[in-house]
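Just below is one structure, and these are the notes that go with it.
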Amino acid sequence: MLQTQTIQTREIINNFYKALVGKELETITQLFAETIDWDIPGNEELAPWLGKRTKRNEVKDFFKLLWQSIEPISAQIDHILVEDDFAIATGHFSSKMNRSGQVYSSMFSAHFTVKDSQIVRYRLQEDSHALVEALMLPIPIY
């Protein structure tokens, strides 16, 4: 059973990243359980897509807000480690912030828990300080 759960978890995470690359919002949303434990810490005043979420429709709202706010430049997954119902993906990405025009680059670590073939827990760790700096509008020099 342990091996079967590990294979299923890996498949769900691979499907998540494949759908993310294609911006397939409905596919991404359906990978999450109706009730979830989601948290991406950071300054929610500057980046309203950050924070806690508990419902599948809030995941959909997250991606809509994110995609309205950034222009992806590059992303790379370095590792996906899976054990049982738990997975960690690590890598790095760069995005242009639409608000400021500045580029934000960060390493990331995404943590997933999968139950009954759906993601029930999600955590994303990134350089939140660099995100705040990238979102700040440059101060004009006169």
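Just a few scattered comments:
- The 3J(HN,Hα) values that the Karplus relation (6.51, -1.76, 1.60; θ = phi - 60°) gives for region 15-22 are, in residue order, 5, 4, 5, 4, 5, 5, 4, x Hz. Gly and Pro appear as x.
- Between region 16-83 and region 90-142, the C-alpha centres lie 10 angstrom from each other.
- FRET efficiency for residue 37 and residue 99, using Cβ-Cβ distance with R0 set to 22 Å, rounded to 0.05: 0.15
- Segment residue 52-residue 86, extension gain: residue separation times 0.36 nm, minus the distance between their alpha carbons: 10.3 nm
- Antiparallel bridges, percent of DSSP beta bridges restricted to region 2-135 (to nearest 5): 90 percent
- Relative contact order of region 10-90, pairs being alpha-carbon contacts under 8 Å that are 6 or more residues apart, as %: 21 percent
- Each Lys and Arg Cβ is given +1 and each Asp and Glu Cβ -1; about its Cα centre, region 35-142 then shows a dipole of about 380 debye.
- FRET efficiency for residue 130 and residue 79, using Cβ-Cβ distance with R0 set to 22 Å, rounded to 0.05: 0.55
- Adding -39500 (n - 2.57) for every DSSP H run of four residues or longer, then dividing by how many residues the chain holds, sets the calculated 222 nm ellipticity at -10500 deg cm²/dmol.
- For residue 36, the residues 5 or more places off, or on other chains, whose built amide H falls under 5 Å of its own are 55, 56.
- Counting lysine pairs in region 2-135 whose alpha carbons fall under 20 angstrom apart, excluding pairs fewer than 8 residues apart on the same chain, gives 14.
- Couplings for region 36-45, taken from phi via the Karplus curve 6.51 cos²θ - 1.76 cosθ + 1.60 with θ = phi - 60°, read 9, 10, 10, 8, 10, x, x, 7, 6, 5 Hz in order; Gly and Pro are left as x.
- Other residues within the sphere of radius under 15 Å centred on the Cβ of residue 98, judged by their own Cβ, net out at +2 (K and R +1, D and E -1).
Values quoted throughout were computed directly from the atomic coordinates according to the rules given, and no laboratory measurement underlies them. Keep in mind that this is a model prediction, so the values were computed, not measured. Heads up, the Cβs are rebuilt from the backbone with ideal geometry, glycines too, and the neighbour counts pull from every protein chain shown.
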